[in-house]
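The values are calculated or read from the model by the stated rules, or taken from the named source; none is laboratory data. Please read all numbers here as calculations on a predicted model, not as lab measurements. As a convention, Cβ positions derive from the backbone with ideal geometry for all residues, glycine included, and neighbour counts pool all protein chains shown. Note: areas computed on protein heavy atoms with side chains; ligands, DNA, RNA excluded. Shrake-Rupley method; radii C 1.70, N 1.55, O 1.52, S 1.80 Å.
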Amino acid sequence: MRPRVGQMLASTVDTTAVIVVRCPEQELEITCGGAAMAEANGPGPAATGTADPDPGLMGGSLLGKRYAAEDLGLELLCTRQGQGTLAVNGVPMPMKSAKPLPASD
């Protein structure tokens, strides 16, 4: 799949949904719970339960958090949380942490 900025993706194993915030110009395999994510058609309910999840990739994703693969230049915003772990090319994506504010002193 070649993701594009603003594209909505939905998990096929749980309720997870994400929006692509930043992506490279290359083919990527974006998965949730070990199954490939499908393009979502809008804010409606996700198509769940159509694939078998990988029990090792069911760590969960959190609503409103950003997940980034800095080495690939991919960033996803979670718009609906679920039990599946977001991964790209088979590698789980870490949650992006907030940048610390500069000291005011």
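A DSSP coil position with no more than 16 other Cβ atoms inside 10 Å describes the following trypsin sites (Lys or Arg not before Pro) in segment 8-103: 65, 96.
Going toward the positive end of the dipole of segment 4-105, with +1 on Lys and Arg Cβ and -1 on Asp and Glu Cβ, which of 91, 59, 30 do you reach last? Looking along the dipole axis, the top candidate is 59. Given +1 at the Cβ of Lys and Arg, -1 at the Cβ of Asp and Glu and no other charges, the dipole of the chain around its Cα centre is 340 debye to the nearest 20. Taking 0.36 nm per residue of separation and subtracting the current Cα-Cα distance, fully stretching the chain between residue 22 and residue 39 would add 4.5 nm. Averaging 1/r over every pair of different alpha carbons in the chain and inverting the result gives a Kirkwood radius of 13.7 Å. Across the chain, the relative contact order, built from alpha-carbon pairs under 8 Å that are at least six residues apart, equals 31 percent. For the chain, carbon and sulfur atoms together expose 55% of the accessible surface, with a 1.4 angstrom probe and every protein chain in place.
With both residues required to sit in the chain, DSSP beta bridges show an antiparallel share near 100%. Phi angles of segment 13-19 translate, via the Karplus equation with coefficients 6.51, -1.76, 1.60 and θ = phi - 60°, into HN-Hα couplings of 10, 8, 8, 4, 9, 9, 10 Hz per residue; Gly and Pro are given as x.
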